[in-house]
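The values are calculated or read from the model by the stated rules, or taken from the named source; none is laboratory data. What you see is a predicted model, and the numbers here were worked out from it, not measured in a lab. We place every Cβ from the backbone using ideal geometry, glycine too, and count neighbours over all the protein chains shown. These accessible areas exclude ligands, DNA and RNA; they are computed on the full protein's heavy atoms, side chains included. Shrake-Rupley method; radii C 1.70, N 1.55, O 1.52, S 1.80 Å.
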Amino acid sequence: MGIVIGVLLALLVGGGAAVAWQLSRYPGGWAYAFGAAFAPDRRQLAAARRTVGHLHRAARRELTGAQAEVRGAEARHRYEVELAARRVEQLRCPGRGPLLVRLGVLALHRHAVVVGAEELPLAGLTVRIERVDRRHCLHFALPGGRVHRQMFEQGLHGEEEVRRFGNRVVNAVAEEHALLKRRDQLVAAAEAELKELEQRSAPQRSARDRLAELTERQGADQRPAAAATALDDARAHWHNLTGRLPR
């Protein structure tokens, strides 16, 4: 029984809302809002409203789409330029690069050997494996003459493990030297690509041109003004009938 009452109440509330909406859309009283005698007048007002709403929504959709196209083209251009700029910066100042392998306190990166807080660039680095007092040692010599020795306790790191790490460093130094020979060329190519991207404006310009053309076409379109006039006439006609001006 409670469910039935609830359904009836919902129908009454919904019906009351529909009646109130109809009366607000076609003010003047019950006969004007629902009577058959004024149905043609209601249809005229409803059609005028629909035309204005349709034209406004269509124009808004077109304009929103064109504006989104401009924003998208500009965002893509900024992203491409940022990527190219990062590529140039990475080539100019690569830093230590990604981690390749560790051995105790030593960490071999793409462009440097890191010992705790100390960083030994691979460029110009020479590596030698030594044996000192029955312990294994990696001897690193930097171009300026500075030397770093790293000792390894035999019980923690065997000779083969130390030699394997040392060979990895030697290979990484060779790769770094090969990269350095090409770095100027790579930087120049990356800078040229960045410059070309910065100057590339065709996609954004095309999108902005389409937006400008659309804005001009919408500004010259007489249909919205004609539809607004027709709606004003329909509202004025309704006002003459009822003494009430609909929205």
Worksheet item: How far is helix 159-199 tilted off the main Cα axis of the chain, in degrees rounded to 10, range 0 to 90?
Response: 40 degrees
Practice prompt. Taking only protein heavy atoms into account and a 1.4 Å probe, give the accessible area per residue of the chain in Å².
Written response: 64 Å²
Worksheet item: Length gain on complete extension for the stretch Ala36 to Arg149, per 0.36 nm per residue less the alpha carbon to alpha carbon distance?
Response: 30.4 nm
Worksheet entry | Label selected from (1) 18.8; (2) 26.7; (3) 20.4, the criterion being Kirkwood radius over Cα pairs in Å as computed here | (2)
Worksheet entry | Inter-centroid distance (Cα atoms) of region 139-217 relative to region 42-74, Å | 50 Å
Fill in: Arg92 versus Arg50: modelled label distance in nm, points set 7 Å from Cα along the beta carbon direction
6.4 nm
Item to complete: Would you work out if region 95-189 is rounded, prolate or oblate? Take a ≥ b ≥ c from the square roots of the eigenvalues of the alpha-carbon gyration tensor; rounded if a/c is under 1.5, else prolate when a/b is larger than b/c, oblate otherwise.
Response: prolate
Fill in: With Cα atoms, 0 to 90° folded angle of helix 39-92 axis to the chain main axis
10 degrees
Worksheet entry | Calculated FRET efficiency for the pair Arg200/Leu99, C-beta based, R₀ 30 Å, to 0.05 | 0.25
Fill in: the chain, accessible surface, carbon-and-sulfur percent (1.4 angstrom probe)
56 percent
Worksheet, complete the sentence: Rounded to the nearest 0.05, FRET efficiency between Leu156 and Val187 (Cβ-Cβ, R0 30 Å) equals 0.10
Worksheet item: Which value at 222 nm does the chain reach when only helices count, each DSSP H run of 4 or more adding -39,500 (n - 2.57), with the total divided by all residues and rounded to the nearest 500 deg cm²/dmol?
Response: -23500 deg cm²/dmol
Worksheet entry | C-alpha long axis of helix 223-242 to longest principal axis of the chain, angle in ° | 40 degrees
